[in-house]
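Chemist: One structure, pasted below without further comment.
The values are calculated or read from the model by the stated rules, or taken from the named source; none is laboratory data. The shown structure was predicted, so the numbers you read here are calculated from the model rather than taken from an experiment. No Cβ is skipped: glycine too gets one built from the backbone with ideal geometry, and neighbour counts run over all protein chains shown.
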Amino acid sequence: MAEGTTEEASPRATLIGVRWLKPDTTGIFEGSYSLLHCSVKNDALYRGVFAVRMFPVTYPDGFISLGYTDTDEKLREIGVIENLWEFPPEQQALVRASLDRHYHEPAIRRVYGVKLRYGQLFFDVETERGRESFILPWRGDRAEDFGERGKLLLDVFDNRYVIPDVQQLSPADRSRFTKYVYW
Amino acid sequence: MNSSDAYVVFGKIPNSVRGAATAHGLTDRECLFSAKADLTLDGSVRETWLIVTATSAIAIGSEFQVPAPEPGAEAVVRGGGVTGPFPLKDVDRFRVFHTVGSAFLQFRIGGLYVDVVCFSNSLVDVFDRVRAQLERLHQGRELQPEALTKPRELICPTCGLPLPGRKAQCPKCQGGHGAFFRALRLMIPYRAFLALLLVAMLMRVALSLLPPYLTKILVNNVIIAKTHVEWLKWIVLALVGAAAGQMVLNVFIGLANAKVGNRITRDLRDMLQDKLVGLGVDYYDQNPTGALVSRVLWDVDYFGSFVDQVAQGFLMNVMTVIGIGVVLFTENWQLALWVMLPIPLVLIGTPIFWKYVYPRYFPVWDSQSKASQLLSGILSGIRLVKSFGQENRERKRFQGSSAYMQQARVGLAYSFAVFNPVMGFIFGLGGLIIWLVGGMMVVKAELDMGTLMLFFGYVAMFYGPISSLTSFSNWLTGFVAAGHRVFELLDSTTTLQEDPHPVRMPELGGAIEFRNVTFGYDPHHPVLKNVSFKVNPGQFLGVVGKSGCGKTTIVNLICRFYDVQEGEVLIDDVDVRKIAREDLHNHVGLVLQEPFLFRAAVRDNIAYGQPDAVPRQVIEAAKAANAHDFIARMPGAYDRKLGERGAGLSGGERQRVTLARALIREPKILILDEATSSVDTESEQEIQTALALLRKGRTSVVVAHRLSTLKNADYILVVDDGAIVESGSHEELMQLKKLYYKLVRIQTELTRLELD
C-alpha cells in the first residue's frame, strides 16, 4: 500500500461517492480494437477505458482513476484504484500500458546546451528516447516545479519534458540548466 | 500515393508508406489527403502517416512494411505498423483526445473510440484540421483545401521559428535589436540636446588632459631648469582655469543627463502603461500582475541612468583613454607600450566576467518580482490569512522568498567582490611599471623628470576611465537584463487586434447573435461548442447552467475580451471583431460578480466610464441602481473616498455602485454576470427592483445562479458542457422537465432546507 493511504474508504469519501476499485470486484482486460475494458461486479462492463494518475508526482503508482466516454460524449469515472500492485500482474500491465499512452513526458537525462535567443531558450538534451531539441519560452510558467526537486518544462507547443531531480544532473549539465531556469 | 493530387497537410509521404498503403488496396488516385504524426500508438517516436480516401482511412508507420491482412482478420495493430483501414461508413464520430503531452485522433466505431494515430502536442493544430475535414467528408460535404494547407498559426511562415503565441509577431523576423540599441533609439527625439552634450564632453576631456602637460612644463622648465620662472604664475593660473572649466562643464553634463534620463524614463513608463491597458485579457491570464508592476516600477529605473552611463560612464571615458593614449605615445612610445601591458588582462578578463555575471542578474530580478507578488497576494488576502490562522505559514513563505532574494543578491555581490579587487590589482601594476621602466630611463637620462611626472599624471587618469569602463560593463549587464524585460513587454502582442477599418456604430439597436460559435481559452479544449442563439433588441436573456459550463465565456465573447475560434458573435448583424472597440465598449455595460471599486470618491467610481459626467448624471445613475439612498446617508455622500477595493461599503452596496457605473453610460446592452450571487437576499431584492426598471429599452443578458431572478426573462439559455441544451421561457423550460426543471427543483429544495 502506498504511503499515506488508508485501507478502507473514509466515511466522507463514501458519502461523496468515490468508488475504490478492488481486484475482487474489478476485472481489467483487453477487448476489441486492443482497447482496455473494465468490468465491475454488480455494475457493468465498461469498454474503451483509459487510466489517469491522480497524483502523478507523489503517487505515480497509486490512486489511478479509470474512466470512459459515455454515450453523451462525456468523460466519466468508473472508479479509483488505490494500489495497483494488488491487481494480478497481467491487469497491472494493461493499466500501465494505458498510463504509458496517456502520459508523454520524456525525462531529460543530459543537458548538452541551453541558448537564449529571441527571448526563448533553445534546449539540446538527451531523453530516454534519444537526443532531441526543443524551444522553451523563457517564462516562469513554462518551467514548473515537479515534486520537491524536479522541473517540468513546457515547450512552445506545450510538449512536456521532465527533469525528475535537478540535483541528479551532472554539475556541468545542472549549471547549463540553472543558468537560465534559476527559479 | 500521389501526394501531388492529394492535400498533404504536413510532410511528404515516404515510399515505404506508399508501398504499405498499396498493399492494403489504397491506390494513388484514391488518396484525398494525408498527414504525418510524430508518435506511434504506444508513444514511441516514429513517423506515422494517416492517409484518407473518400471511403476509408488508414494509419501506417513509416518504418514498417506490413503485408496486407488476411481477409476477415482484425486490421488494428498497436505499437507501430498499420492501424486500419477504417471504412468511414462505420465511423459515427471523430475526435482529438488530449492526453498529457500528446493526443490521439480517434474514430468512434460501434460506440467505442478507437485510437487511430498518436501525435505530440506540436501537431495538435494539424490534426484538429484533419478531424474537421474528416467530419466534412463523413457528412458528404466538400473538403476545404485552404483549411488543410493554410500555414500553421504557431510557426513563423518566414523563418520557421515557433511563435510565442497565436498571431504573435516572430521575435526573429520583426528585426528586434538588442536592448542597448533599442534604448539608443529612444534617445532620437533628444538628438540635438545630446549633440550639445557630446560637444561639452569633448571640451571636458580636452580640459582634463591639460594639467599633466602643464605639470611637465612646470617641472622641466620652472622647477628643475629654472629657465622660465616667470611662467609659474601663468601655469598655475592655467591649472585653475582648467579646473574651473571642468567644474562648469561637469555641472552642465550632470544637468543634461538628469533632464534627458528622467524624460526617457517617463516616456518609457507611459509607453508601458499604454501597452498594458491595450493588451487583451488573455495576456493577463498568462502573466501575473505583480511581475508586470515590477517591470514598470523597477526595471524602467535602469533607463533613467542610461544617458548618464552611456555619456559619462562610456563615451567620456573612451574619449579620455584615446586622448591620453595619443599623448603618451607622442611623448615616449617605449614607456607608453609598457604602460599598456596590463590592458590585455582587462580586455580578456572583462568578457569572461560578463559571461559569468550576466546570468546572475536573472535570479535577482526574479526574486524581487516574486517577493513583490507574494507580499501583494498576502496583503490583499489578509482577511483570509487571518481567518484561517495562517499568519505563521505566510510569514514562513515570505521568509523563504526573502532568503531566495538574499541568496540571489549575495551570488551577484560575490562576483563583484572578487572581480573588482582583481582588476584594481591589475591596474596598480601600471604605476609600478612606470616606476621601474620610467625610473630606469630617468636614471639613464633617456627621459626627463617632467615627462615621468606627465606619465604618472596621465596613468592615474588612464586607468581610472578603464576601471570605469569595466564598471560600465557591470551596469550594462544589469541594464540588458532589465531592458530585455521591458522590451519583451513592449513587444507583446495581443490576439485581439482592432480591425484596421473598424465599423463605427455610434448608435446601437442591441441585437446579439452567436452563430456556430466554438471557443476555448486553450483553442484545443473548447469551452463553447458550436453555440448558436439570437437575442432581439430590448429582450431579456437569462443564461443558466452549472459552474464551468461556459456561461461567463458567453459574456466574455459579447464584450470581445476574447475572439472566437470558429463562428461569429454579431451585434446588430456586425461581427464584434469588426466593430470599433470604443463603440462596442460604450454600448455594453458589464457588472461582474466581484464588485471592483477603485480607491477614489464614490462619484469618481460611478463616473469611471464617463469622466465628463455631470453630478446630475451621477445621481441619476445611482438612483437607477438603487444606490442613491445609502450614498446620501454617508457623511461624505458622493464625495466619500472609498478604501482599497471599495472598503467601507457592504457587498450589496459595492455591487449597486458598480451597477450605477455600468448604467451611467446608458448602455444598450446590459450584462450582469452573477452580479447578485454574492449579496444578501435583501440587497439582491433591491438590486432586482432596480434592474426591473432598467431593463426597459435595453437588451439585458443576465447570467444567474439564483434562477428566481430569471423568471421574467424573455428567453433562457440552459448551458451544459459548452453547449446549449435547452432554451425557452421559464414556463416552457419547466414544462420540458429536463435540466432547467431539475436545477429549479434543487434550488427550491435548498431554499426549503435553509428555511427549515
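Chemist: Here is a list: B:LEU255, B:LEU237, B:LEU214. Which entry is part of a helix (DSSP H, G or I) and touching a residue at least 24 places away in the same chain (Cβ under 8 Å)?
Modeler: Values: B:LEU255 fails: touching a residue at least 24 places away in the same chain (Cβ under 8 Å); B:LEU237 fails: touching a residue at least 24 places away in the same chain (Cβ under 8 Å).
Criteria check complete, one pass: B:LEU214.
Chemist: Let me ask something additional. Restricting to the stretch B:133-161, give me the number of residues that are aliphatic (A, V, I, L, M), more than 13 Å from chain A (Cβ to nearest Cβ) and within 31 Å of the chain's Cα centre (by Cα).
Modeler: Going through the stretch B:133-161 one residue at a time, the tally reaches 2.
Chemist: So if I check each of B:ASN516, B:ASN586, B:ASN536, which one is over 26 Å from the mean Cα position of the chain (by Cα), farther than 30 Å from B:ALA627 by Cβ and in contact (Cβ under 8 Å) with a residue 24 or more places away in the chain?
Modeler: Values: B:ASN586 fails: farther than 30 Å from B:ALA627 by Cβ; B:ASN536 fails: farther than 30 Å from B:ALA627 by Cβ.
On inspection, the qualifying residue turns out to be B:ASN516.
Chemist: Of the conditions (1) more than 24 Å from the chain's Cα centre (by Cα); (2) assigned by TED's automatic domain parsing to the domain that holds B:HIS730; (3) of a type outside the set (A, V, I, L, M), B:ARG581 satisfies every one except a single condition; which number is it?
Modeler: (1) is the only condition that B:ARG581 fails.
Chemist: Hey, another quick one. Do the conditions hold for A:GLY130, that is, is it without any contact (Cβ under 8 Å) to a residue 12 or more places away in the chain and at the interface with another protein chain (Cβ under 9 Å from one of its Cβ atoms)?
Modeler: Details: without any contact (Cβ under 8 Å) to a residue 12 or more places away in the chain: yes; at the interface with another protein chain (Cβ under 9 Å from one of its Cβ atoms): yes.
In short, yes.
Chemist: What is the residue count in the stretch A:143-183 for residues that are within 24 Å of B:CYS156 (Cα to Cα) and within 10 Å of chain B (Cβ to nearest Cβ)? If you could, list the steps in order and put the result at the bottom.
Modeler: If we filter the stretch A:143-183 for residues that are within 24 Å of B:CYS156 (Cα to Cα), which is where we start, we get A:143, A:153-161.
Filter again for within 10 Å of chain B (Cβ to nearest Cβ), leaving A:154-161.
Result for the stretch A:143-183: 8.
Chemist: Can you give me the ranges of the helices (runs of 4 or more DSSP H) entirely in the stretch B:278-396 with at least 2 residues that are exposed (fewer than 14 other Cβ atoms within 10 Å of the Cβ) and not charged (D, E, K, R)? Reasoning before the result, please.
Modeler: Working: elements: B:281-286, B:289-294, B:301-304, B:317-331, B:333-339, B:343-380, B:382-387.
In the stretch B:278-396, the matching helices (runs of 4 or more DSSP H) lie at B:281-286, B:317-331, B:333-339, B:343-380, B:382-387.
Chemist: So, one more: I need the full set of residues from the stretch B:99-119 which are facing chain A (nearest Cβ under 10 Å) and closer than 22 Å to A:VAL156 by Cβ, in order please.
Modeler: B:THR99, B:VAL100, B:GLY101, B:SER102, B:ALA103, B:PHE104, B:CYS118, B:PHE119
Chemist: Sticking with this structure for a sec: Looking at the stretch B:682-697, is at least one residue modelled with pLDDT under 85, over 28 Å from B:GLY545 (Cβ atoms) and hydroxyl-bearing (Ser, Thr, Tyr)?
Modeler: We begin by selecting, within the stretch B:682-697, every residue modelled with pLDDT under 85; these are B:682-697.
Cutting the leftovers down to over 28 Å from B:GLY545 (Cβ atoms) gives us none.
Within the stretch B:682-697 (the criterion being modelled with pLDDT under 85, over 28 Å from B:GLY545 (Cβ atoms) and hydroxyl-bearing (Ser, Thr, Tyr)), the answer is no, since none of the residues qualifies.
Chemist: Taking the conditions exactly as written (at pLDDT below 90 and in contact with a strand residue (DSSP E or B) (Cβ under 6 Å, 6 or more places away or on another chain)), does A:TYR33 satisfy them or not? Before the answer, list the steps.
Modeler: Numbers: at pLDDT below 90: yes; in contact with a strand residue (DSSP E or B) (Cβ under 6 Å, 6 or more places away or on another chain): yes.
Here the answer is yes, as A:TYR33 does meet what is asked.
Chemist: Another one. Quick one: which strands (runs of 3 or more DSSP E) lie wholly within the stretch B:1-97 and hold at least 2 residues that are modelled with pLDDT of 80 or more? Steps first, answer last, please.
Modeler: On the way: elements: B:7-10, B:31-39, B:45-53, B:56-61, B:82-87.
Answer list for the stretch B:1-97: B:31-39, B:45-53, B:56-61, B:82-87.
Chemist: What is the one condition in (1) at pLDDT below 80; (2) closer than 27 Å to A:LEU121 by Cα; (3) of a type outside the set (Ser, Thr, Tyr) that B:LEU123 does not satisfy?
Modeler: Result: B:LEU123 fails condition (1) only.
Chemist: Filter the stretch A:30-56 down to the residues that are more than 12 Å from chain B (Cβ to nearest Cβ), more than 18 Å from A:PRO89 (Cβ to Cβ) and either among the charged types (D, E, K, R) or in contact (Cβ under 8 Å) with a residue 24 or more places away in the chain (or both) and list them by number.
Modeler: A:VAL40, A:LYS41, A:ASP43, A:MET54
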